[in-house]
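*Asks:* Input: one structure, supplied below.
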Amino acid sequence: MTPHAQRAAAYVADTARMHWHDKALWHVRQKRDAAVASVPEWEALRTQAAALKAHTLSRLAEYLEEFERNATKLGVVVHWAVDAEEHNAVVLGILKERGLVRLVKSKSMLTEECHLNGFLEKHGVDVIDTDLGERIVQLAQETPSHIVLPAIHKKKEEIGELFHEHLHTESGASDPKYLTEAARGHLRERFLAADVGLTGVNFAIAETGGFVVCTNEGNADLGASLPRVHIAAMGVEKLIPRAEDLAVFVRLLARSATGQPVTSYTSHFHGPRPGGELHLVIVDNGRSALLASATHRRALACIRCGACMNTCPVFRRSGGHSYGATVPGPIGSVLAPSGDGRRYAGLPFASSLCGSCTDVCPVKIDLHHQLLLWRQELGAEGLTPLGKRLAARVGSFVLQRPRLYRLVGWLARAAMRLLPRALLYLPLNAWGRQRELPPAPARSFRAQFRKALK
Amino acid sequence: MTDVGLFIPCYVDQCYPEVGLATVKLLERLDCPVDFPEAQTCCGQPMGNAGNAEAARPLAERYLSIFERYRYVVCPSGSCTAMVRHHYRDLLPPSPLLEAVTAKTYELCEFVVDVLGVARIAGAYPHRVGLHQSCHALRELRLGSASELVVPHLDKVRGLLSSLEGIRFAELQRKDECCGFGGVFSVGEEAVSCAMGKDRLADHLLGGADVITGVDMSCLMHLQGLASRAKTPVRFAHVAEILAGAAA
């Protein structure tokens with residue numbers, strides 16, 4: 001079994017929790033459906049977004065340089081980082097030079113990908129995640145299980161216990177409003193005490209040098225406005241050419257993510273606030289390698305809305321942690337093997353290839369097709385299990401020979417009819433653990449068809 | 001010799017001959033006799049989905065050469081048809097032969113509606129039917145409008161079934177969620193696969209289905225396997241069996 005299949009089986013074993021998780025995310029999918037149904041030009045928007053992303057990626061280097069020039073003119077200090085290590089070093093360098101030790105962070109999957117929190121903590125920096133969901137997983141010493149809803153795997157009772165332990169809320173309290181209020185008070189103190197704020201970036205605009213951060217809690221705005229120093233981190237793929245292109249992406253993002261027409265806060269940054277500093281770290285960390293792949297570069301169009309996770313029947317029933325990657329779900333299973341094919345060879349198989357992800361994707365990434373292509377690439381590299389490769393070769397050998405196929409089919413059906421049940425349903429028959437085998441008729445279709453003709 | 005070649009998926013040939021026979025019967029009733037070239041075996045999807053393009057490729061090549069001579073190829077499976085139409089081009093270099101054969105390969109209901117131009121089937125089927133939308137028929141062949149898209153409503157399979165007298169449908173809470181079969185997924189991710197199947201089955205039963213049908217016997221094989229293990233009293237029939245049987 002692949003690591004995903006093992007973790008998924010453990011998740012499914014708790015049937016009640018599995019159904020609870022499935023329903024919670026299906027509810028988000030339904031909200032998304034209702035929101036997109038109110039936009040008659042939805043499919044045209046998706047097509048336009050896909051075209052904009054394809055265009056930008058086709059001349060990414062030029063747009064990055066244009067963006068750097070314009071951002072610098074606005075007073076933004078632009079840093080480049082080739083990988084996670086360099087990204088973390090850049091951030092730490094900025095903090096050390098200025099003696100900053102209390103960092104408030106709003107949601108950034110890029111810093112999760114770079115494992116920034118642990119790195120900074122090791123160097124004596126106090127890092128507080130200020131997105132409520134991220135704060136919950138930080139207190140629980142876990143990682144986000146979903147890129148938009150980091151704590152979706154936690155029940156409110158579990159959050160109540162966690163807050164009781166860390167934030168001294170009343171024992172047994174699980175009222176979401178009460179808990180949120182407690183977190184708000186706790187985080188407000190941290191915001192006021194912080195000397196540096198770190199945010200992610202949703203869109204960076206080449207022609208203006210500005211960037212946009214979308215949140216629902218306003219935590220990015222507090223983090224960027226209260227401390228004197230603001231650091232923003234973005235992957236190279238966040239770029240869009242023009243400000244007017246935002247009109248396409250902003251309409252797609254929140255509807256796809258949560259079913260909202262727009263996020264509560266869509267904040268535009270055009271340089272540091274008076275007396276402050278604004279640093280922007282632009283990170284590659286494997287993205288150029290993906291860009292070089294004619295097959296998989298489309299995955300860089302992802303705007304991290306999480307819709308493919310909410311719609312994925314496997315994700316909903318296996319939980320985000322089952323993927324063992326920073327970005328889980330269909331898009332995560334497409335991105336991860338590009339970084340480490342051996343480690344993540346099982347992820348493209350964690351899908352029934354139903355294609356719901358492809359149809360829900362606001363930028364039209366052909367996700368399920370990408371997963372299929374990954375399977376074949378990993379197979380060609382010898383990274384799929386030997387048994388699977390051998391079975392496919394034996395199957396192909398038989399199926400290229402119609403007479404041998406007929407014989408093998410006849411023998412298999414005879415075996416299914418004659419062998420004792422205990423033998424047919426040995427534990428190694430994964431099909432038969434919870435399912436009956438298909439019928440094994442005495443005569444195949446072709447035998448009956450031939451006879452009917454005579 | 002007719003100008004319509006019949007492609008019967010390997011597992012239908014072996015396990016569900018009645019589905020193949022119903023396909024032949026339905027098409028004959030619609031004045032469309034078919035030819036069954038015996039050299040055919042499998043489209044190659046199981047190998048392709050298992051990540052072995054090398055093993056799938058010769059089967060794709062065989063399919064093209066076997067069905068080259070027909071004007072149309074009809075197959076009672078959305079998934080195998082989607083393999084031919086959309087995924088052979090991942091395995092084989094572009095060629096006029098590839099273009100021609102993939103373009104003329106049709107799923108059965110699609111062929112009946114789009115090529116034969118038949119919108120109604122005469123007959124009666126007084127049962128409450130749960131129509132399972134198989135994913136590849138829906139999202140790759142577009143036999144209906146997927147719930148994710150903002151497009152005009154379309155459902156070619158239900159359209160055909162609806163023409164039968166007395167038929168009623170089980171309305172589903174999740175109208176087109178995957179059943180969890182997924183080929184190699186059904187055994188490689190057995191736990192999630194079965195969890196998905198049980199949920200799908202429960203949705204059909206909640207809608208009051210007496211019979212669960214669809215264009216892909218593979219999805220039905222998975223659901224039927226779960227149902228008969230649990231001794232759930234519900235019947236399964238491929239769309240071809242319902243349409244051919246009702247017209248009798």
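The values are calculated or read from the model by the stated rules, or taken from the named source; none is laboratory data. Computed from a prediction, not measured in an experiment: that's the story for all the values here. Note that we place each Cβ from the backbone using ideal geometry, even for glycine, and neighbour counts take in every protein chain shown.
The rows are residues; the columns are (1) part of a loop (DSSP other than H, G, I, E, B); (2) among the aromatic types (Phe, Trp, Tyr); (3) touching a Ser or Thr at 6+ places or on another chain (Cβ under 8 Å); (4) not assigned by TED's automatic domain parsing to the domain that holds residue B:218.
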| site | (1), (2), (3), (4) |
| --- | --- |
| B:150 | yes, no, no, no |
| B:153 | yes, no, yes, no |
| B:157 | no, no, no, no |
| B:171 | yes, no, no, no |
| B:176 | yes, no, yes, no |
| B:179 | yes, no, yes, no |
| B:182 | yes, no, yes, no |
| B:192 | no, no, yes, no |
| B:196 | no, no, yes, no |
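*Asks:* Separate question: How about region B:22-31: which of its residues are among the aliphatic types (A, V, I, L, M), within 11 Å of chain A (Cβ to nearest Cβ) and in contact (Cβ under 8 Å) with a residue 24 or more places away in the chain? Full working, then the answer.
*Replies:* The first filter runs over region B:22-31 and keeps only residues among the aliphatic types (A, V, I, L, M), leaving B:22, B:24, B:26-27, B:30.
Then drop every residue that is not within 11 Å of chain A (Cβ to nearest Cβ), which leaves B:22, B:24.
Listed by number, the list holds a single entry, B:22.
*Asks:* Which is under 36 Å from the mean Cα position of the chain (by Cα), surrounded by 19 or more Cβ atoms within 10 Å (Cβ to Cβ) and more than 30 Å from residue B:146 (Cα to Cα), of A:382, A:387, A:395?
*Replies:* A:395
*Asks:* Out of all the residues in region B:198-210, which are in contact with a strand residue (DSSP E or B) (Cβ under 6 Å, 6 or more places away or on another chain), outside any loop (DSSP other than H, G, I, E, B) and surrounded by fewer than 21 Cβ atoms within 10 Å (Cβ to Cβ)?
*Replies:* none
*Asks:* Which of the numbered conditions does residue A:339 fail, given that it passes all the others? Conditions: (1) modelled with pLDDT of 95 or more; (2) not assigned by TED's automatic domain parsing to the domain that holds residue A:48.
*Replies:* Evaluating residue A:339 over (1) modelled with pLDDT of 95 or more; (2) not assigned by TED's automatic domain parsing to the domain that holds residue A:48 leaves (1) as the failure.
*Asks:* Being within 21 Å of the chain's Cα centre (by Cα) and more than 14 Å from chain A (Cβ to nearest Cβ), is that true of even one residue in region B:50-63?
*Replies:* So far as region B:50-63 goes, no, none of its residues is within 21 Å of the chain's Cα centre (by Cα) and more than 14 Å from chain A (Cβ to nearest Cβ).
*Asks:* For residues in region A:84-115 being assigned to a loop (DSSP other than H, G, I, E, B) and more than 19 Å from the chain's Cα centre (by Cα), which is farthest from residue A:304 (Cα to Cα)?
*Replies:* Across region A:84-115, the extreme among qualifying residues is A:99.
*Asks:* Looking at A:160, A:185, A:210, which is the one that is in contact with a strand residue (DSSP E or B) (Cβ under 7 Å, 6 or more places away or on another chain) and not hydroxyl-bearing (Ser, Thr, Tyr)?
*Replies:* From the options A:160, A:185, A:210, the qualifying one is A:210.
*Asks:* Scan (1) among the polar types (S, T, N, Q); (2) in a helix (DSSP H, G or I); (3) over 30 Å from residue A:1 (Cα atoms) for the single condition residue B:213 breaks and write down its number.
*Replies:* So the condition that residue B:213 fails would be (2).
*Asks:* Tell me the residue from B:19, B:12, B:34 that is more than 7 Å from chain A (Cβ to nearest Cβ) and buried (at least 24 other Cβ atoms within 10 Å of the Cβ), please.
*Replies:* Matching residue, one of B:19, B:12, B:34: B:19.
*Asks:* Is it the case that region B:166-189 has a residue that's away from chain A (no Cβ under 13 Å), free of Cβ contacts under 8 Å to residues at least 12 places away in the same chain and among the small types (Gly, Ala, Ser)?
*Replies:* So far as region B:166-189 goes, no, none of its residues is away from chain A (no Cβ under 13 Å), free of Cβ contacts under 8 Å to residues at least 12 places away in the same chain and among the small types (Gly, Ala, Ser).
*Asks:* Next question, about the same structure. Of the residues that sit in region A:32-47 and are surrounded by fewer than 19 Cβ atoms within 10 Å (Cβ to Cβ) and closer than 30 Å to residue A:291 by Cα, which one is nearest to the other protein chains (Cβ to nearest Cβ)?
*Replies:* The residue in question is A:43.
*Asks:* Name every residue in region A:287-329 that is surrounded by 24 or more Cβ atoms within 10 Å (Cβ to Cβ), within 13 Å of chain B (Cβ to nearest Cβ) and among the aliphatic types (A, V, I, L, M), in order of residue number.
*Replies:* A:307, A:314
*Asks:* Which one of these is touching a Ser or Thr at 6+ places or on another chain (Cβ under 6 Å) and not assigned by TED's automatic domain parsing to the domain that holds residue A:363: A:59, A:69, A:29?
*Replies:* A:29 is the lone residue from the list that is touching a Ser or Thr at 6+ places or on another chain (Cβ under 6 Å) and not assigned by TED's automatic domain parsing to the domain that holds residue A:363.
*Asks:* Got at least one residue in region B:166-176 being modelled with pLDDT of 95 or more, within 30 Å of residue B:48 (Cα to Cα) and of a type outside the set (D, E, K, R)?
*Replies:* The answer is no, given that none of the residues of region B:166-176 is modelled with pLDDT of 95 or more, within 30 Å of residue B:48 (Cα to Cα) and of a type outside the set (D, E, K, R).
*Asks:* Please tell me if residue A:286 is under 15 Å from residue A:146 (Cβ atoms), at pLDDT 95 or above and touching a Gly at 6+ places or on another chain (Cβ under 9 Å).
*Replies:* On the way: under 15 Å from residue A:146 (Cβ atoms): no; at pLDDT 95 or above: yes; touching a Gly at 6+ places or on another chain (Cβ under 9 Å): yes.
When the stated conditions are applied, residue A:286 does not pass them.
*Asks:* Let me ask you something else. Quick one: in region B:219-238, of everything that is in contact (Cβ under 8 Å) with a residue 12 or more places away in the chain and polar (S, T, N, Q), which residue is nearest to the other protein chains (Cβ to nearest Cβ)?
*Replies:* The qualifying residue nearest to the other protein chains (Cβ to nearest Cβ) is B:224.
*Asks:* Still on this model: Can you tell me which residues in region B:112-148 are touching a residue at least 60 places away in the same chain (Cβ under 8 Å), part of a helix (DSSP H, G or I) and away from chain A (no Cβ under 14 Å)?
*Replies:* The answer is B:112, and nothing else.
*Asks:* What number of residues within region A:7-31 are under 22 Å from the mean Cα position of the chain (by Cα) and more than 9 Å from chain B (Cβ to nearest Cβ)?
*Replies:* 11
*Asks:* Considering only residues that are among the charged types (D, E, K, R) and in a helix (DSSP H, G or I), which ones fall in region A:382-430?
*Replies:* Once the filter is applied, which keeps residues that are among the charged types (D, E, K, R) and in a helix (DSSP H, G or I), region A:382-430 yields A:388, A:389, A:393, A:403, A:406, A:413, A:417, A:421.
*Asks:* Which ones in region A:356-387 are within 10 Å of another protein chain (Cβ to nearest Cβ) and under 20 Å from residue A:258 (Cα atoms)?
*Replies:* A:356, A:357, A:358, A:359, A:360, A:361, listed by residue number.
*Asks:* Can I ask one more? Listed residues A:50, A:5, A:9, A:35; which is on the phi < 0 side of the Ramachandran plot and without any contact (Cβ under 8 Å) to a residue 24 or more places away in the chain?
*Replies:* A:9
*Asks:* Which is in contact (Cβ under 8 Å) with a residue 24 or more places away in the chain and over 36 Å from the mean Cα position of the chain (by Cα), of A:422, A:412?
*Replies:* On the way: A:422 fails: in contact (Cβ under 8 Å) with a residue 24 or more places away in the chain.
It is A:412.
*Asks:* While we're looking at this one, here's another question. Could you check residue B:243 against (1) closer than 21 Å to residue B:122 by Cα; (2) buried (at least 24 other Cβ atoms within 10 Å of the Cβ); (3) touching a Ser or Thr at 6+ places or on another chain (Cβ under 7 Å) and say which number it fails?
*Replies:* Answer for residue B:243: the failing condition is (3).
*Asks:* Let me ask something else about it. From the residues in region A:343-376 that are part of a helix (DSSP H, G or I) and of a type in the set (D, E, K, R), which one is nearest to residue B:141 (Cα to Cα)? Lay out the reasoning, then the answer.
*Replies:* Step one: filter region A:343-376 for residues part of a helix (DSSP H, G or I), giving A:347-349, A:356-360, A:367-376.
Restricting the remaining residues to those that are of a type in the set (D, E, K, R) gives A:359, A:375.
Numbers: A:359: 13, A:375: 22 Å.
Checked region A:343-376; the qualifying residue nearest to residue B:141 (Cα to Cα) is A:359.
*Asks:* Here is a further query. Would you tally the residues in region A:133-168 being of a type outside the set (Asp, Glu) and in a loop (DSSP other than H, G, I, E, B)?
*Replies:* 16
*Asks:* Going through region A:337-354 one residue at a time, which ones are surrounded by 24 or more Cβ atoms within 10 Å (Cβ to Cβ) and more than 17 Å from residue A:1 (Cα to Cα)?
*Replies:* Listed by number, the residues that qualify are A:337, A:353, A:354.
*Asks:* Okay, moving on. Any residue at all in region A:65-82 that is at pLDDT 95 or above, crowded, with 21+ Cβ neighbours inside 10 Å and closer than 21 Å to residue A:193 by Cβ?
*Replies:* Within region A:65-82, not a single residue is at pLDDT 95 or above, crowded, with 21+ Cβ neighbours inside 10 Å and closer than 21 Å to residue A:193 by Cβ.
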